[in-house]
Amino acid sequence: MIKITFPDGNSREFESGIKGIEIAKILSNSLASEVLSIGINGENKDLTQSLTQDSSIVFYKWDDVEGKHAFWHSSAHLMAEALESFYPGMKFGIGPAIENGFYYDVELPEGQTISDADFRKIEDKMLEIARGKFDYARTDVSKNEALKFFTDKKDNYKVELITDLEDGTISLYKQNTFTDLCRGPHLPNTSYIKSAKILSIAGAYWRGDEKRKQLTRVYGITFPKQKQLEEYLVLLEEAKKRDHRKIGKELELFTFSARVGMGLPLWLPKGAMLRERLEQFLKKVQKKYGYEPVITPHIGQKELYVTSGHYAKYGKDSFQPIHTPQEGEEFLLKPMNCPHHCEIYKSKPRSYKDLPVRYAEFGTVYRYEQSGELHGLTRVRGFTQDDAHIFCRPDQLSEEFMKVIDIVLYIFKTLDFKDFTTQISLRDKENHEKYIGSDENWEKAESAIIEAANAKGLKTIVEYGEAAFYGPKLDFMVKDALGRKWQLGTIQVDYNLPERFELEYVGNDDKKYRPVMIHRAPFGSMERFVAVLIEHTAGKFPLWLTPEQAVVLPISDKFNDYAKKVSNILNNYDIRTVLDERNEKIGKKIRDNELKRIPYMVIVGEKEAETETISVRRQGEGDKGSFTCEDFAKIINEEIEKQLN
RNA sequence: GCCGGUGUAGCUCAGUUGGCCAGAGCAGCUGAUUUGUAAUCAGCUGGUCGGCGGUUCGAAUCCGUCCACCGGCUCCA
């Protein structure tokens, strides 16, 4: 007998050799029907795994990532079998579960392609196999046996994967006709999978290396119930409605023109109004925190960026230098504001008493992004950073860094961004080529960030090799409507540029010292931030931000004069008010303005004109009753105050 | 940049296997209506079918090429 301990701390004895699924069945039938995989002493295992010693056990169901993971990983194998049946000789790369579904990287036989038209038959085949209730049978083999198996199958990618594995036993999983190299865990059999959808195909370089062969990546998703697939597809449709590119067009916030150039956003009046409010909001916060605005030009001499190191790092893959016709000088469109700000720091001698110096600028920068990478407002070639550089003494670094975290958190709180993650990006110590500066300075910078993040109680994930070339950073990431992660706020510690620009200050001992720099942008870029804001709010911006706060709707054009008067009064109360004088029925005007997501509709007709009142309707909510203009203005201003507290 | 897909009016989309002047709804304009909380009616305007080249008696439709956009990969100071 062995003792099995459950998550609630209770334990029970079972016969040695019992399988996870059998334990579940003894506990309850409903558990047995829902459980997908198990955790044994913290390791994820198959439900069919036999237990032979005292262990702790956790049952993973659909709602657990581990359960979903096993489900989708098994589904990837199922899809692989379906694909192989249509494309004999297909070679397989990797096929993992991902956040929403799974994919498999495959190499199609010479001359063959997969396209949308083939999705249906692949799905059908998957379900056909699934209904066969084939076991996902695990066998442990030696490395040599595994190599022989995949060499015989001419699956050279699998052979490469196995070759790179450590010696020892290797697990294979087989369902029906398909055998795959896999660590597991998997479902007991294919019958768990009741619905399947092939979502898209894409090219993906083998092992993420663009110098190697590009395989075909097939994305799919499956569910234990048909209904869940339908719900997921509805969810996808809903998400598409929140897409900032769609809403941005509908609400006339921004546009693009092929004639101007791809990835170069054009801000329309309403979008510009929105962005300006955000900028004013941040300027106010920054003023409180002791930042000083500076302004620098859009280009700088190439030498400036040679000094900073940006040219060596990005020069050849970037927009090419602008040459002057007479002197033959070379200028770069600025890809970063920091070198300009460094020169401002250098414009006069600095004392230790002057520090920290904080220079802020909404600086527009231009970067050559690969054409396939451009994406709405989130990835563009010209954008404005809410940039600032803090030059401080080493002893001030930690406090300054934490103050920046405060600013970012304040902004996120004000704009109701609750679901963000924080990532500490450190250097890859193996890869010296990628970075500039001494190990000593990197150590200092990295520990400064880690300490500050800990002191502020941020739950961070650490990524190695993601640092900027001149220093480590702390990034704030937010997801868009389709679950794609975007970096918004960023805070970076930099010992290197001060050295390259030979920045100095005079200490109290009359000796010269080097300051430390913090690069920071709480929004990140105005373009990307607005994009994510649109997706979060579905275009229903907070009252203080929205381009138009109220629209006056006269019942008929007999009341246009009164409507005009009301609109003027409200504008005088600083409420951004527009007038809808069209000759339409009130229902039509309400509908149109509801769709424009203007927060308040002010309806005026005979009643209101006689009593000098207005009838107020809240977008998405309906009639709120009648008010005087003064009272209405008070309500709006209170609402705004609450939002900005 | 690479793989796959898409491109018809300002927007959303029809347009069978190539075949008469390319269609609809919404938006816009004109007129009628004078309206009470999510679509009043009628008429009109609007398109080099993404660009260029080719095949054909004939191309929105087939082929080539370029451009832009969409989903990924790579990249992201």
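Quick notes on this structure:
- Neighbours by Cβ (under 7 Å, 6+ apart or cross-chain): first from region A:310-326, assigned to a helix (DSSP H, G or I); second hydrophobic (A, V, I, L, M, F, W, C) and within 11 Å of RNA strand B (Cβ to nearest atom): A:H310/A:M336; A:K313/A:F469
- Positions within region A:257-294 being β-branched (V, I, T) and open to solvent by 50 Å² or more (accessible area, probe 1.4 Å), in sequence order: A:V260
- Residue in region A:545-555 that is in a loop (DSSP other than H, G, I, E, B), more than 6 Å from RNA strand B (Cβ to nearest atom) and either in contact with a Cys (Cβ under 9 Å, 6 or more places away or on another chain) or hydroxyl-bearing (S, T, Y) (or both) present: yes
- Within region A:146-186, considering residues that are over 24 Å from A:M126 (Cβ atoms) and part of a strand (DSSP E or B), the one modelled with the highest pLDDT: A:I170
- Scanning region A:279-292 turns up no residue that is closer than 27 Å to A:V404 by Cα, outside any loop (DSSP other than H, G, I, E, B) and within 11 Å of RNA strand B (Cβ to nearest atom).
- Subset of region A:565-575 that is surrounded by fewer than 21 Cβ atoms within 10 Å (Cβ to Cβ) and not polar (S, T, N, Q) - its residue that is nearest to the chain's Cα centre (by Cα): A:D574
- When A:E210, A:E160 are screened for being within 25 Å of A:L108 (Cβ to Cβ), away from RNA strand B (no atom under 16 Å from the Cβ) and under 34 Å from the mean Cα position of the chain (by Cα), only A:E160 passes.
- Where A:T216 falls short, out of the listed (1) open to solvent by less than 40 Å² (accessible area, probe 1.4 Å); (2) part of a helix (DSSP H, G or I); (3) among the β-branched types (V, I, T): (2)
- Complete set of residues in region A:604-630 that are in contact with a Cys (Cβ under 9 Å, 6 or more places away or on another chain) and either open to solvent by 80 Å² or more (accessible area, probe 1.4 Å) or not in a strand (DSSP E or B) (or both): A:E612, A:T613
- Among the residues of region A:299-313, those identified as more than 12 Å from A:L333 (Cβ to Cβ), surrounded by fewer than 17 Cβ atoms within 10 Å (Cβ to Cβ) and either under 28 Å from the mean Cα position of the chain (by Cα) or among the aliphatic types (A, V, I, L, M) (or both) are A:V306, A:A312.
- Looking only at region A:472-495, and only at residues there that are within 11 Å of RNA strand B (Cβ to nearest atom) and closer than 18 Å to A:H341 by Cβ, the one that is least open to solvent (accessible area, probe 1.4 Å): A:D494
- Considering the conditions (1) within 16 Å of RNA strand B (Cβ to nearest atom); (2) in contact (Cβ under 8 Å) with a residue 12 or more places away in the chain; (3) not β-branched (V, I, T), A:M402 is excluded by exactly one of them, (1).
- Residue among A:V365, A:V380 that is within 16 Å of RNA strand B (Cβ to nearest atom), surrounded by 18 or more Cβ atoms within 10 Å (Cβ to Cβ) and over 28 Å from A:K459 (Cβ atoms): A:V380
- Among (1) more than 13 Å from RNA strand B (Cβ to nearest atom); (2) at positive phi - the single one A:G539 does not satisfy: (1)
- Residue that is farthest from A:I555 (Cα to Cα) [pool: residues in region A:576-603 that are near RNA strand B (Cβ under 7 Å from one of its atoms) and crowded, with 17+ Cβ neighbours inside 10 Å]: A:M601
- Residue within region A:388-396 that is under 22 Å from A:I534 (Cα atoms) and of a type outside the set (K, R) present: no
- Verdict on A:S50 being surrounded by fewer than 18 Cβ atoms within 10 Å (Cβ to Cβ), touching a Lys or Arg at 6+ places or on another chain (Cβ under 8 Å) and farther than 15 Å from A:T179 by Cβ: yes
- Every residue from region A:27-49 that is among the polar types (S, T, N, Q) and closer than 17 Å to A:S16 by Cα: A:N41, A:T48, A:Q49
- Screening A:C392 on (1) within 16 Å of RNA strand B (Cβ to nearest atom); (2) in contact with a Pro (Cβ under 7 Å, 6 or more places away or on another chain) shows it passes everything except condition (1).
- Test: residue in region A:84-104 that is assigned to a helix (DSSP H, G or I), open to solvent by less than 10 Å² (accessible area, probe 1.4 Å) and hydroxyl-bearing (S, T, Y): no
- Taken over region A:496-514, the residue count meeting the criterion of being part of a loop (DSSP other than H, G, I, E, B) and open to solvent by 30 Å² or more (accessible area, probe 1.4 Å) is 7.
- Remark: pairs (first residue in region A:537-552, over 16 Å from A:R242 (Cα atoms); second residue open to solvent by 20 Å² or more (accessible area, probe 1.4 Å) and among the small types (G, A, S); Cβ separation under 9 Å; 6+ apart in sequence or on different chains) = A:P547/A:A272.
- With respect to the conditions (1) surrounded by fewer than 19 Cβ atoms within 10 Å (Cβ to Cβ); (2) touching a Lys or Arg at 6+ places or on another chain (Cβ under 8 Å); (3) of a type in the set (A, V, I, L, M), A:L161 lacks only one, and its number is (2).
- Count of region A:443-471 residues which are open to solvent by less than 20 Å² (accessible area, probe 1.4 Å), away from RNA strand B (no atom under 11 Å from the Cβ) and in contact with a Leu (Cβ under 7 Å, 6 or more places away or on another chain): 4
- Among the candidates A:I344, A:I322, the residue that is under 36 Å from the mean Cα position of the chain (by Cα), assigned by TED's automatic domain parsing to the domain that holds A:D510 and away from RNA strand B (no atom under 11 Å from the Cβ) is uniquely A:I344.
The values are calculated or read from the model by the stated rules, or taken from the named source; none is laboratory data. Owing to the predicted nature of the structure, the values given are computational and were not obtained by experimental measurement. Glycine gets a Cβ as well: all are built from the backbone with ideal geometry, and neighbour counts include every protein chain shown. Calculation scope for accessible area: heavy atoms of the full protein, side chains included, ligands and nucleic acids excluded. Shrake-Rupley method; radii C 1.70, N 1.55, O 1.52, S 1.80 Å.
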